[in-house]
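Engineer: This is the structure, below, for whatever I ask next.
The values are calculated or read from the model by the stated rules, or taken from the named source; none is laboratory data. Computed from a predicted model, the values in this text were never measured in an experiment. Backbone-built Cβ (ideal geometry, glycine too); neighbour counts: all protein chains shown.
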Amino acid sequence: MRTLYRLFKSVKLAVGSILILAVLCLLSTLIPQGLDPAHYLNRYPQPLGRLIVALGFHDFFRSPGFSIPCLLFAVNLSVCAASRCFGRLRRGLRLRLGPDLIHAGLLVVIAGALVSARLRWERTFFLAPGDPPAELPGGCTLRLLDYRQDRYPDGRPKEWVSIVSVQARGGTLIGSYPIRVNHPLRLPRLKIHQTSIQREDTALLLGPDGGLSAIHRGQYFEWRGAILVFAGIENGEAVFERRQGRARPAVHRLSVSQRIGAYRLVGLSSRELSGLTAVRDPGFIPAAAGLALVAAGLGLAFVQKKGDDRP
Amino acid sequence: MTPLALSQILGSAAFGLLAVSLAAQAVFLLRRRGGLDPFSHYPLAAAAAALLAVTVERSIRIRFPAVTNTFESLVFFAGAAALVLFLHRWIARRLLSPWVQFGGTVTVLALLAVASSPIAPRELLPPVPALQSYWLVLHVSLTFLGESFFIVGFVSALLYLVSKNEAEKTRLERLTYTAIGIGYPMFTAGALIFGAVWAQTAWGSYWSWDPKETWALATWLVYTAFLHSRLAPRLRGRVSAILSVAGFVFALFTFFGVNYLLPGLHSYR
């Protein structure tokens with residue numbers, strides 16, 4: 001036990017575990033994160049792809065390869081901080097609150113991050129005014145009343161504003177609010193952010209049986225062994241990509257009334273959607289408190305160190 | 001005179017002043033007089049003032065602090081680094097060696113050279129919605145202020161690694177620690193704390209493991225390891241100096257490499 005204690009209070013272990021974490025973090029940036037395991041098996045040579053998936057490197061920050069060094073770092077940090085505090089108290093020395101606050105703050109940040117990793121909830125809704133309301137947790141609904149996009153003279157976005165109404169379960173109106181980028185709507189235990197915009201292009205297709213079907217950008221249908229992907233509307237024409245095997249996709253541009261596969265294009269429409277992200281993150285408050293402790297600790301450590309250096 | 005021409009004149013003046021400062025330092029170093037020359041820090045201060053004036057002038061034009069693209073960030077970084085070098089010369093001249101000042105000035109000139117290259121377009125563009133946040137201003141400005149001190153730490157650590165003189169090594173080690181000791185809290189506050197607060201406000205996620213965030217964290221971890229390595233007698237000295245050099249290399253990659261090589265939320269140009 002004593003050996004273990006000595007190991008965990010060692011500065012060399014602290015430096016080692018910090019550097020291991022740094023190196024692992026950097027390695028993770030060399031591999032795209034969070035994709036389907038099949039992607040890694042296809043993209044990399046088989047043994048490397050299998051190794052990436054087996055070690056969890058494709059979702060590194062949720063894998064034991066990251067959590068174990070993190071745990072080691074947290075234990076090392078706790079033991080070092082406690083041993084420093086008690087050591088100074090035993091010797092009757094004044095506490096160095098700066099470094100202790102930094103260490104305590106980092107532990108609180110790690111705790112907050114763990115809570116976020118387990119309990120954070122996020123969903124993005126793409127809505128246009130008049131669309132059916134989106135369901136939020138707790139039985140509330142979110143309806144987009146209006147949406148405005150201001151642009152600079154060169155066409156770049158200047159401001160996006162969504163006016164939304166939130167209704168509680170049973171239809172009671174909680175309120176209607178504007179949401180801007182960097183100015184989220186704060187509801188109890190939930191925030192709604194203006195995160196993106198999207199254009200929804202729709203092509204209306206008439207089938208051989210006389211039935212109408214709508215296809216949105218990114219959707220596809222099969223025809224004679226090929227896949228026909230609706231890539232959107234450009235200059236009033238529908239753009240379809242025909243993909244077959246490993247050949248480069250062939251692009252087809254169609255005006256209304258022209259044929260694509262077994263269908264005839266009978267209509268095109270386009271509309272702007274507002275991307276609203278609802279987030280519930282019980283880990284943010286502890287993480288923010290931890291960051292505030294780190295900031296206070298850094299300030300205090302700096303002042304104390306400056307005092308020490310004075311003759 | 002159009003405001004764009006004014007900032008071009010100020011930028012060119014800053015480049016010229018830095019070149020004059022560098023030339024004066026080189027002449028003094030070649031004469032092997034030892035100690036710091038009595039002149040070169042004045043053009044250095046004037047260059048810092050000119051670069052910060054470019055930032056102010058562009059900020060007035062776009063009605064927002066001008067630190068929202070690569071060019072503006074580089075100009076601010078170079079101005080802050082020149083100011084930090086001048087402050088070291090003024091306040092900590094007992095620690096500052098002429099070679100550290102020379103290396104620091106070369107780094108500032110290199111930053112300006114990159115700013116004037118095609119990889120950093122200099123159009124005057126007001127920020128897109130996500131960048132219109134004062135948390136972003138705190139995030140960027142404090143990060144670059146911290147990294148300006150890291151430049152001094154980097155150059156003095158490099159010199160430590162090649163120096164054979166024990167007295168000189170002690171002085172360089174002290175300078176590296178002082179510079180990083182001041183830069184580290186600024187970098188922590190700017191890159192990690194205000195960055196997290198801004199990300200939470202803009203996207204609802206204070207940490208996304210985006211490549212830039214991950215590299216900034218790795219940079220911070222390396223500097224944290226540096227500060228702790230000084231507490232272990234066996235690591236103090238050479239290992240600390242290597243960590244200081246590695247930390248600055250990581251900081252540079254976080255700024256340049258990630259923007260151009262690793263796609264993510266921060267891949268703006």
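Engineer: Can you find even one residue in segment A:31-43 that is surrounded by 14 or more Cβ atoms within 10 Å (Cβ to Cβ), within 12 Å of chain B (Cβ to nearest Cβ), modelled with pLDDT under 90 and not in a loop (DSSP other than H, G, I, E, B)?
Structural biologist: No - not one qualifying residue is present in segment A:31-43.
Engineer: Residues of segment B:59-76 being touching a Phe, Trp or Tyr at 6+ places or on another chain (Cβ under 9 Å) and in contact (Cβ under 8 Å) with a residue 24 or more places away in the chain, which ones?
Structural biologist: Here is the first cut: in segment B:59-76, the ones touching a Phe, Trp or Tyr at 6+ places or on another chain (Cβ under 9 Å) are B:65-70, B:73-74, B:76.
Residues satisfying the conditions are B:PRO65, B:VAL67, B:THR68, B:ASN69, B:THR70, B:SER73, B:LEU74, B:PHE76.
Engineer: Being touching a Ser or Thr at 6+ places or on another chain (Cβ under 9 Å) and either outside the structural domain of B:PRO185 (by TED's automatic domain parsing) or in a helix (DSSP H, G or I) (or both) is the requirement here; does B:ALA232 meet it? Quick ask: steps written out before the conclusion?
Structural biologist: On the way: touching a Ser or Thr at 6+ places or on another chain (Cβ under 9 Å): yes; either outside the structural domain of B:PRO185 (by TED's automatic domain parsing) or in a helix (DSSP H, G or I) (or both): no.
Here the answer is no, as B:ALA232 does not meet what is asked.
Engineer: Could I ask something else about it? Collect the residues in segment A:222-252 that are assigned to a strand (DSSP E or B) and among the aliphatic types (A, V, I, L, M), keeping them in residue-number order. Reasoning before the result, please.
Structural biologist: Going through segment A:222-252, the residues assigned to a strand (DSSP E or B) turn out to be A:222-223, A:226-234, A:237-243, A:250-252.
Once the filter is applied, which keeps residues that are assigned to a strand (DSSP E or B) and among the aliphatic types (A, V, I, L, M), segment A:222-252 yields A:ALA226, A:ILE227, A:LEU228, A:VAL229, A:ALA231, A:ILE233, A:ALA238, A:VAL239, A:ALA250, A:VAL251.
Engineer: In segment A:180-216, how many residues are touching a residue at least 12 places away in the same chain (Cβ under 8 Å), closer than 19 Å to B:TYR206 by Cα and part of a strand (DSSP E or B)?
Structural biologist: Count: 10.
Engineer: Would you mind telling me which numbered condition in (1) surrounded by 14 or more Cβ atoms within 10 Å (Cβ to Cβ); (2) within 11 Å of chain B (Cβ to nearest Cβ); (3) part of a helix (DSSP H, G or I) A:ALA117 fails?
Structural biologist: For A:ALA117, the exception is condition (1).
Engineer: Would you mind stating whether A:ALA287 is touching a helix residue (DSSP H, G or I) at 6+ places or on another chain (Cβ under 8 Å), surrounded by 15 or more Cβ atoms within 10 Å (Cβ to Cβ) and not assigned by TED's automatic domain parsing to the domain that holds A:GLN149?
Structural biologist: On the way: touching a helix residue (DSSP H, G or I) at 6+ places or on another chain (Cβ under 8 Å): yes; surrounded by 15 or more Cβ atoms within 10 Å (Cβ to Cβ): yes; not assigned by TED's automatic domain parsing to the domain that holds A:GLN149: yes.
Considered against the rule, which asks whether it is touching a helix residue (DSSP H, G or I) at 6+ places or on another chain (Cβ under 8 Å), surrounded by 15 or more Cβ atoms within 10 Å (Cβ to Cβ) and not assigned by TED's automatic domain parsing to the domain that holds A:GLN149, A:ALA287 comes out as yes.
Engineer: A:ARG242: more than 30 Å from A:ILE163 (Cβ to Cβ), of a type in the set (D, E, K, R), crowded, with 16+ Cβ neighbours inside 10 Å and at pLDDT 90 or above, yes or no? Even if it seems obvious, please write down each step before you answer.
Structural biologist: Values: more than 30 Å from A:ILE163 (Cβ to Cβ): yes; of a type in the set (D, E, K, R): yes; crowded, with 16+ Cβ neighbours inside 10 Å: yes; at pLDDT 90 or above: yes.
The answer is yes for A:ARG242.
Engineer: Please go through segment B:190-209 and pick out each residue that is at the interface with chain A (Cβ under 9 Å from one of its Cβ atoms) and either under 30 Å from B:TRP99 (Cβ atoms) or of a type in the set (Asp, Glu) (or both).
Structural biologist: Scanning segment B:190-209 gives no hits.
Engineer: Can you tell me which of B:ALA110, B:ALA5, B:ALA23 is loosely packed, with under 15 Cβ neighbours inside 10 Å, modelled with pLDDT of 90 or more and farther than 21 Å from B:PHE144 by Cβ? Spell out the reasoning first.
Structural biologist: Details: B:ALA110 fails: farther than 21 Å from B:PHE144 by Cβ; B:ALA5 fails: modelled with pLDDT of 90 or more.
Just a single option satisfies the conditions, and that option is B:ALA23.
Engineer: Return yes or no: is B:LEU138 buried (at least 18 other Cβ atoms within 10 Å of the Cβ), closer than 25 Å to B:GLU213 by Cα and without any contact (Cβ under 8 Å) to a residue 40 or more places away in the chain?
Structural biologist: no
Engineer: Would you call B:ALA241 assigned to a helix (DSSP H, G or I), of a type in the set (A, V, I, L, M, F, W, C) and closer than 29 Å to B:SER133 by Cα?
Structural biologist: Numbers: assigned to a helix (DSSP H, G or I): yes; of a type in the set (A, V, I, L, M, F, W, C): yes; closer than 29 Å to B:SER133 by Cα: no.
For B:ALA241, the condition - assigned to a helix (DSSP H, G or I), of a type in the set (A, V, I, L, M, F, W, C) and closer than 29 Å to B:SER133 by Cα - is not met.
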